[in-house]
1. Which residues, taken from segment 301-316, are under 26 Å from the mean Cα position of the chain (by Cα) and open to solvent by less than 50 Å² (accessible area, probe 1.4 Å)?
2. List the helices (runs of 4 or more DSSP H) that sit entirely inside segment 1-112 and contain at least 3 residues that are open to solvent by less than 60 Å² (accessible area, probe 1.4 Å) and of a type outside the set (S, T, N, Q).
3. Tally the residues that are farther than 17 Å from SER85 by Cβ and either open to solvent by less than 60 Å² (accessible area, probe 1.4 Å) or among the aromatic types (Phe, Trp, Tyr) (or both), restricting the search to segment 157-181.
4. I'd like to know if segment 350-366 contains one or more residues that are part of a helix (DSSP H, G or I), of a type in the set (Gly, Ala, Ser) and free of Cβ contacts under 8 Å to residues at least 24 places away in the same chain.
5. Filter segment 129-148 down to the residues that are out of contact with any Pro (no Cβ under 7 Å at 6 or more places or on another chain) and over 14 Å from ALA274 (Cα atoms), then identify the one that is most open to solvent (accessible area, probe 1.4 Å).
Amino acid sequence: MALSPAEIQKWSKKRWIILIASCLINLCIGCMYAWSSLSAPMAAELKADLSSVFSIANGISFITMIIGGIWNDKKGPRYVMLTGSVMFACGMFFSGFAQSVTHLILSFGLLVGLGNSFIYGCTISNTIKFFPDKRGMVGGLTTASYGISSVIIAPLADWICGLVGARATFMILGVVFGAIVLAGSFVMQKCPAGYLPEGFVPPVPVNAKKVEDKTPLQMLKMPVFYVMLIMLTCGGTFGLMIISNAKGLALNMAGVSMSTATLFVSVLCLFNTAGRLVAGTLSDKLGRINTLTAAMAMALVGLGVLYICGMTGSVVLLAIGLMVIGVCFGTFMGVFPGFCTDQFGTKYNTVNYGIMWIGFSLAGIVGPMVLSTIYANAGSYQGAFLIAIGIAVVGLICSFIYRKLVKQ
């Protein structure tokens, strides 16, 4: 049933409140990035390697993105996010009591990881439905607010940890940010069917075919889905390969001090966030696939620069390489939510994007593992950079295959 002019006007105002709430919520759940600050003291205390904990948290994220998407389509985002906020807060809080790696896997790896993706999936996919006129911008804003947490929350966690220790920091972050997300979830609402903002007329596609809402099963039967999935996996793999160990790259390749290496991590995170914001907005004008193709081409340059840096130890080349990869990875994160909606419609987007997120979950496991394994065996990162270049080439090829499939 069509919405009345009064209802359209109401939702056209309310959607901005939902967008602001989504960005604030994503900023809070980004405290998951505090793991980089808290894992070292916890590992020293438990006398154990905790690298598997964060990998599990990332690797299982697609599960609740899919479940949450189904739940959101039936009941709306509020209950999904309420559940996610409780899981997230409890996981962070109980991590402060962990006495073993197993305990941390259960609290942080499972509770925080699953709760986080319950929330993240809703804030992005649900909010995009309110902005058919600005999908790229909204995808960029909501993902950037999550990405900027690594710049804001990690130093905050460092500071709190210095005052009260890692265990208490887990508890404080869980309680404070969990409460904010819980409150924010009451602002979230389901986008009414058929909603279009005031004054917005959907553009007629070049091929004159209207985008139809595809169910998850219909999407899975389409070859273009698998091309897009490979593209996301490629972009996530080379991006997370570098981002997961940026500090190690700075220390081992350029021989910088620990403080300088930390600065490089912050710079990388800032360019990652900038990529999400700028590319998301640009993709509304240039087209999603054009923006993603440009990001893949830029990534080849950035990875090539890092490869040369591995041979020369140049601090300048390291900085350039990290900034380029940060922008490219941010581009994928900012553009893909709108890209998925453009291709498969808005009605089932929350579930469809959750299924697409399998590619990112896979990248979160493969990327860091390839880098650490090659460095452990060879004592250098050169082989990993070559593999990353190959992965970026595959992604670039897929962007042209996509064009053939949709005749763009």
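The values are calculated or read from the model by the stated rules, or taken from the named source; none is laboratory data. The structure displayed is predicted, hence computed values, not measured ones. Counting neighbours? That spans all protein chains shown, and the Cβs are built from the backbone with ideal geometry, glycine included. When the accessible area is computed, the model is the full protein with side chains, heavy atoms only, and any ligands, DNA or RNA have been set aside. Shrake-Rupley method; radii C 1.70, N 1.55, O 1.52, S 1.80 Å.
1. GLY302, LEU303, GLY304, VAL305, LEU306
2. 5-29, 35-46, 51-59, 61-75, 77-95
3. 9
4. Checking segment 350-366: not a single residue is part of a helix (DSSP H, G or I), of a type in the set (Gly, Ala, Ser) and free of Cβ contacts under 8 Å to residues at least 24 places away in the same chain.
5. Per the criteria, the residue is LYS134.
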